[in-house]
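All remarks here apply to the structure that follows.
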Amino acid sequence: MPDKTMTADEAVSRLRDGMTVGIGGWGSRRKPMALVRALLRSGVTGLTVVSYGGPDVGMLAAAGRIRRLVAPFATLDSIPLEPHFRAARERGELDLMEVDEAMFLWGLRAAANRLPFLPVRAGLGSDVMRVDPGLRTVTSPYDDGETFVAMPALRLDAALVHVNRADRRGNGQYLGPDPYFDDLFCEAADTAYVSCERIVDTAELAKGGPPQSLLVKRHRVTGVIEAPGGAHFTSCAPDYGRDEEFQRTYATTPWPEFAARYLGGDEQTYRAAVGRRP
């Protein structure tokens, strides 16, 4: 089996302007922030980002890297609305396809199964159809004749996700309470890059949790990146919780100042800066 390990910068070097990139996690929980920071260090821009949005969306939007966002929300969880996303959106700096959470999920499922769309009840009777007139409905061909939203597949050029542990072959394991659909992001993508808190031997994965915790399968993974603390400042249960103090710093600091103070160097520089923050 091939060794798929690489650095975050090597993974990001494979991305190109204008790609559609899916980012796993949920809100401010288990986001692949080391990969996002590597993406910010790169010159890649004009992205379509597909995400249950959190600070990944906020940072990329603030840096002007997002052309179009597909998301049901952009939140920091303990701070309801992601402030840097909000500022970018209010300035008209990105297009937004806003869908219901279940519609988003069904879009990933459609892409994972290489279907053009999947029918879903979510969205009917809401303003989603009015806000996005490009969405279509479909009628059941059976006797019920029921109408559904035809949620288009969210096909991804690349997926970025973070898990607790992985092996060198690309098998990924989450140990927290929620998978956050990271497996679907990988399955919906042409390439998938998985960062993890720790790389372990394959045999050790079987000792760390139940079989269903082996969320990410190696045949869907292009690269594996060992990144201890790679979800900071979001949570990565049970390894660590959200860094609420630093999240408040992020949310209340003007973007140019935050980027200069914390994102001006590599990942080691970031960790050092976080350690000596005011």
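The values are calculated or read from the model by the stated rules, or taken from the named source; none is laboratory data. Quick caveat: nothing in here was measured; it's all calculated off a predicted structure. Don't worry about glycine lacking a Cβ; one is built from the backbone with ideal geometry, like all the others, and counts go over all protein chains shown.
Some values worked out for this structure:
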quantity: Hits in the range 109-141 - residues which are touching a Gly at 6+ places or on another chain (Cβ under 8 Å) and of a type in the set (A, V, I, L, M); calculated: 118, 129, 135
quantity: Residue in the range 42-59 that is in contact with a Pro (Cβ under 6 Å, 6 or more places away or on another chain) and assigned to a helix (DSSP H, G or I) present; calculated: no
quantity: Leading residue by the ranking (farthest from residue 36 (Cα to Cα)) among those in the range 152-166 that are surrounded by fewer than 24 Cβ atoms within 10 Å (Cβ to Cβ) and not aliphatic (A, V, I, L, M); calculated: 152
quantity: Which listed residue, of 40, 15, is within 17 Å of the chain's Cα centre (by Cα), surrounded by fewer than 24 Cβ atoms within 10 Å (Cβ to Cβ) and over 18 Å from residue 270 (Cβ atoms); calculated: 15
quantity: Residue in the range 222-233 that is crowded, with 21+ Cβ neighbours inside 10 Å, of a type in the set (D, E, K, R), in the same structural domain as residue 14 (by TED's automatic domain parsing) and assigned to a strand (DSSP E or B) present; calculated: no
quantity: Per-region count, the range 163-175, residues farther than 15 Å from residue 6 by Cβ and either assigned to a strand (DSSP E or B) or in contact with a Pro (Cβ under 8 Å, 6 or more places away or on another chain) (or both); calculated: 5
quantity: Pair list, Cβ under 9 Å, 6 or more apart: the range 120-140 residue in contact (Cβ under 8 Å) with a residue 24 or more places away in the chain and surrounded by 12 or more Cβ atoms within 10 Å (Cβ to Cβ), other residue of a type in the set (Asp, Glu) and outside any loop (DSSP other than H, G, I, E, B); calculated: 122/101; 128/98; 131/98; 132/98
quantity: Failed item, numbered, when residue 202 is tested on (1) polar (S, T, N, Q); (2) closer than 30 Å to residue 110 by Cβ; (3) out of contact with any strand residue (DSSP E or B) (no Cβ under 6 Å at 6 or more places or on another chain); calculated: (2)
quantity: Out of 103, 151, sole residue that is outside any loop (DSSP other than H, G, I, E, B), out of contact with any Phe, Trp or Tyr (no Cβ under 6 Å at 6 or more places or on another chain) and not polar (S, T, N, Q); calculated: 103
